[in-house]
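What follows is a set of notes on a single structure, which appears directly below.
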Amino acid sequence: MGDDVTAYSRNGHLPTTFIGVKRIFLIFLIIAISCADKETIESFDENVLNQYFETENGFETLAGIYEKTNQPMVVNLWATWCTPCLEEMPYFETAHREHGKKIQFIGINISDSPTRAKQRAEELHISYLLGKDPDGSFTKSLKAIGLPVTAFFNNEGKLSTIHQGPISEETLDKSIMELLDV
């Protein structure tokens, strides 16, 4: 049996392809960890403001909502299968109840069952504007990897920050204070 391992390795060591794959995986893991839970606006599709998403009242765009309210916006991308998304939704609800007259809060469900999304939002007592984006256009436009993602749009309706990954209640509060210039 020892001969079989030696036949497929150099001097009884693991094959070099396995070591190469291991190195690549380690590099990928380091990059993924360093990018997780970060705030960034490095690159995104500026058309995100003009992409349509569906609400109970029909189709909307972020640009259209901003034109109606002239308020900063907090846009959270979520899904029912995303545990961190569901854990942070009560933070958005609390913030909405506290700052909803000054900031527009929007939750956009990505690539999910509309029935499950509505049921989960009702279970969590979500009262801020909810929409759905079944093809994931918002995730693509924000060049986001995975969910949750939270985008913050300032007083001028321009993207100021994208938070990739779960957001803590403290980070959300801090970001909201920055939007309100407090």
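Taken one residue at a time, the phi angles of the stretch 70-77 give Karplus couplings (6.51, -1.76, 1.60, θ = phi - 60°) of 6, 10, x, 10, 10, 10, 10, 9 Hz. Gly and Pro are set to x. The value of relative contact order for the stretch 38-179, using C-alpha pairs under 8 Å at least six residues apart, is 33 percent. Couplings for the stretch 132-141, taken from phi via the Karplus curve 6.51 cos²θ - 1.76 cosθ + 1.60 with θ = phi - 60°, read 9, 9, x, 9, x, 4, 5, 4, 5, 5 Hz in order; Gly and Pro are left as x.
The lysine pair count for the stretch 38-179, using Cα distances under 24 Å and pairs eight or more places apart or on different chains, is 24.
Read the figures in this text as sums done on the coordinates, not as results from a lab. The model shown is predicted, which means the values in this text are computed figures rather than measured ones.
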